[in-house]
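Okay, structure first, notes after.
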Amino acid sequence: MTATTTTSSLSNNSQLDLRAPLLTRLRRGTGGRWLRNIILILLDASGLYMAWRIAEFYETAIDSFLNLQQNSAFLLSIITLQIGLIAAQGLYTSGQKRCDYFSLIKTITFSYLLLFALFYQSPNVVSRSNFILSWILSVALTCIARFGVNTAIRYIRKRGAVCYPAFLICRPEEKEKAANLIGIENCYNLLGWTDINSLLVDQLSFDTTLERISSLGVSEVFVCSWAAIKSRMFLYWNLRNAGITLHILPIDLESVEQKLELRMLGGIPALKLSPPLITGSDFLVKRCFDFFCATFFVIAAAPLYLFIASLIKLDSPGPVFYKQTRIGLHGKPFKVWKFRTMVVNADRLQKDLEASNEMKDGVLFKMKNDPRITRVGKFLRRYSLDELPQLFNVIFGEMSLVGPRPLPVRDVEKFSEKHFIRHKVLPGITGLWQVSGRSEITDFEKVVGLDVTYMENWSLGLDLQILLQTITVVLGKRGAY
C-alpha cells in the first residue's frame, strides 16, 4: 500500500460516510500480537503435554492405572480445558498481565482441582500420584517457558525491535510525564508527538496531524486531555478506519500500587479503589512488623553495636551516640539516635560550611567531603551503619522502618507550605529517596516528589520492596557519604 493511499484514508474523504474506510484491513500490529499469542499457546500446550507424559512415564514404572498413550483424545481435552482457562484469565493479552506468574499458577492449579473433583470417585482413570506429579510439572514447565519468552521479548525490545510504533498527542507540559509512562511498558517506540492545542486551531492543522501519523506508520496513538479535543469523534473514526489503536491517557491520575478496577458508570469508565476487607489492618501489620523486626535485630546485633561503640571511642573523643532533634509525625519534634560520625562540635561548625552546601535549593545540607566527619564516621556512613540506633526510635513508635526521612529543625524551617505533607506519615529509616540515589539527588523538590509518590502508592508490598532494595543500595555504597 502506498503512503498516499494510507494518508487519504486518515484524512477522511468528504464524499464518504465518516464511518466508511477506503478499504478493509487488519488492525495495525495484529500480526505481531497473534504471533506472540500463538507461540505462548504452543509453549503452554507443550509444557502441559510434557507434564502429563513425564508423570505417566514415572507412574508406569510403578503401576499405572492409565496409559495416556491409548487415551490421546482424553489428554487433548484436558489440555484444551487448561489452555481455555488460561486464556479466560487474560494471560495471553499484552502488557503486565502476560507476566503475571502468580495468576498462571492459580489458573493451572484450579484446572487440576476441577479435574480432581470430576475424577475423585474414579481412581482407575488417573492415579493420585500421577495427578500430583503432573500438576507440579505443569506449573514448573509453563512458568519456565513463559519466563523464557518474556525475557527474550524484553531483550529484543531493549534493542528497539518488536515495539509498537506510537504517537503522542498532549500539552507541552504533559509531554515528559506521558512519555515516561509510555516508556515504562517497554513495548512502544514513540515516533513523535504534537501539541494538542494545534488540533484546536483549524481543520487544516487537524488533517496535517493525521497525515503525519499515517506517514510514520503508527499503530498506537496516545491522547492526554481527551476532553480538550473538540473534534473527538472525527479523530476516533479516522484512527479507527486506519486500523490504529487509540489510548486515552488520564495524565492527571498518578499511577498507584493498589489494584484498580475499571467499571462503567452511566456509560463512562470509572476507576474504583477498594479498601481492604478489614480497614486499617495493613497499617496494623506494618506497625507490628516494624516492632518485631527492630526488636529482633537490636538483640541479634548487640555484639555489632558494642564493636561500633568501641571503634568510635578509640577514634575520637566524645559520646558514642549522637542525638539530634528532628521533626516527625504531624510536626512533632523527637530525638533521633545515631552513632556519632562527626566531631563533637559539628553543629556549630555547620554554620561556617553553609556556603559549601551541595544541595541546589539549600533546604537540606549535604557535603561530599565534609571536614567534620571522623575516620570511623566515614566507614559507618559508607555502609549506613550510623543509622542502626534508629531501630530504638522504631521500637518506641517514633519512626518506621520505611517512610520519609525525618529532617533536622534547620531544614524544616526552610520548608515551603507544600513540603509539610511529608509529616503526615511516620518518618522512616529508609525510603524511596534512599533507594533512588540518596545524596546523589541534590534537588529537594525531587526528594519531596519521591516521598509523595511513596505516600500515594503505599502498600505492605512496596515497603518490603524498598527494604530489599535498601540492602542492595547499602552494599553497593551508592550515594553514601
Counting only protein chains, not ligands or nucleic acids, how are T245, T107, T208 ordered by accessible area (probe 1.4 Å), most first? T208, T245, T107
Enumerate the amide H contacts of Y164 below 5 Å, restricted to partners 5 or more residues apart or on another chain; note that Pro and chain-start residues carry no placed amide H. Y188, N189
Do any of K351/K446; K106/K177; K175/K414; K338/K366 go past 27 Å between their Cα atoms, and which? K106/K177; K175/K414
Could you tell me the accessible area of D386 in Å² (1.4 Å probe, neighbours in place), rounded to the nearest ten? 10
On the protein heavy atoms, probe 1.4 angstrom, tell me the percent of accessible surface of the stretch 388-472 carried by carbon and sulfur. 62
When only the heavy atoms of the protein chains count and the probe is 1.4 Å, how do K175, K338 rank by accessible area, highest first? K175, K338
Where in the stretch 202-254 are there trypsin sites (Lys or Arg not before Pro) that are in a DSSP coil and have at most 12 other Cβ atoms within 10 angstrom of their Cβ? K230
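The values are calculated or read from the model by the stated rules, or taken from the named source; none is laboratory data. None of the values given here were measured: they were computed from a predicted structure. Positions of Cβ are backbone-derived with ideal geometry, glycine not excepted, and every protein chain shown enters the neighbour counts. Quick note on the areas: whole protein, heavy atoms, side chains included, nothing else; ligands and nucleic acids left out. Shrake-Rupley method; radii C 1.70, N 1.55, O 1.52, S 1.80 Å.
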